[in-house]
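I am attaching a structure below and will ask some questions about it afterwards.
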Amino acid sequence: MDNIEELRLIINNWEIIKALLEKPQSPIELVEKIDQSLARISQRLKILEAYGIVSWSKTNEKEVGKPRKVYSINKEALFILDLFQGMGNISKITMNKEVLSLIRALSYHHKNSIILAHFLLENNKLFHSDVIAIINLDSMIELLIICKNPEQVKQGISNEEIRKIYNMDSKVFCYKLTEIIEGIKKGDLHFIGLVKVAIPLYDPNNYIQKLREMINNE
């Protein structure tokens, strides 16, 4: 499984993984913490086990008339989970643009970080951008995208999956770098406001910082 597929698997099962990172637990214990049925949690655990993310052991205790199964995170999987907890052991994973953006999205401590990462996965054309930055995550997903072909990127953006699963809308501000620079020079409050609040997920050339310096010098 490649890095993106592993990230997708973790994102789609993050509530279960997060609970198991606290301590090993049985499916019934997970049901008490997570708003999902026992059947669904058991199914999710089997998938995570198949991909080597979790493993289980039996105890002498009984649960629903059977030996109690306790699931825990595999040591081999901990390195990628450590990244989500705070950009930990980066050396063990190929840090391409997609992976770096997703990890930073998940490491951004906000209640909707998982939704943001899911949105990025569903709209992978955004990864061709020069900048991916958060504008707002409270009531909806709002992103600032700086790229060479805004129209092409905007045409490929879909919110259908996110709206269906999470009942949340999205808004993507997509511009060329030259458009934003011209807007700042003209004192356009729209562009100035976007740059001031933007939280970069991917910005290897530090465009956001440079644009803020430009605002301060105008």
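Each reported figure results from applying straightforward, stated rules to the coordinates on display, with no laboratory input. Treat the numbers as computed from the prediction; the structure is a model and nothing was measured. Glycine gets a Cβ as well: all are built from the backbone with ideal geometry, and neighbour counts include every protein chain shown.
Tally Lys/Arg at +1 and Asp/Glu at -1 over every other residue whose Cβ is under 14 Å from the Cβ of E218; what's the total?
On the way: positive: K185, K186, K196, K210, R212; negative: E182, D188, E213.
Its environment carries a net charge of +2.
In region 144-215, with Lys and Arg counted as +1 and Asp and Glu as -1 at Cβ, which of these residues, S158, V197, I184, has the Cα nearest the positive end of the dipole, that is, farthest along it?
Among S158, V197, I184, the one farthest towards the positive end of the dipole of region 144-215 is I184.
Once the other residues with Cβ under 12 Å from the Cβ of K148 are scored (Lys, Arg +1; Asp, Glu -1), what is the net sum? Write out the running numbers ahead of the final one.
Details: positive: K176; negative: D130, E151, E179.
Net of charged neighbours comes to -2.
Would you order I47, I141 from fewest to most other beta-carbon atoms within 10 Å of each residue's own beta-carbon?
Values: I47 14, I141 24.
Least to most surrounded, the residues fall as I47, I141.
Additional query: Exposure proxy check: R68, R40 ranked by fewest other beta carbons within 10 Å? Could you put the intermediate results ahead of the total?
Working: R68 17, R40 13.
So the ranking, lowest neighbour count to highest, is R40, R68.
How much length is gained if the chain between D138 and K196 is pulled fully straight, taking 0.36 nm per residue apart and subtracting their Cα-Cα distance, in nm to one decimal? Could the numbers behind the result be given before it?
On the way: separation 58, 0.36 × 58 = 20.88 nm, distance 1.73 nm.
Full-extension gain reported as 19.2 nm.
Could you work out the local net charge near S170, counting Lys and Arg as +1, Asp and Glu as -1, over the other residues with Cβ closer than 12 Å to its Cβ? Don't skip to the end; give the middle numbers.
Numbers: positive: K154, R163, K171; negative: E122, E142, E160, E161, D169.
Neighbour charge sum, excluding S170 itself: -2.
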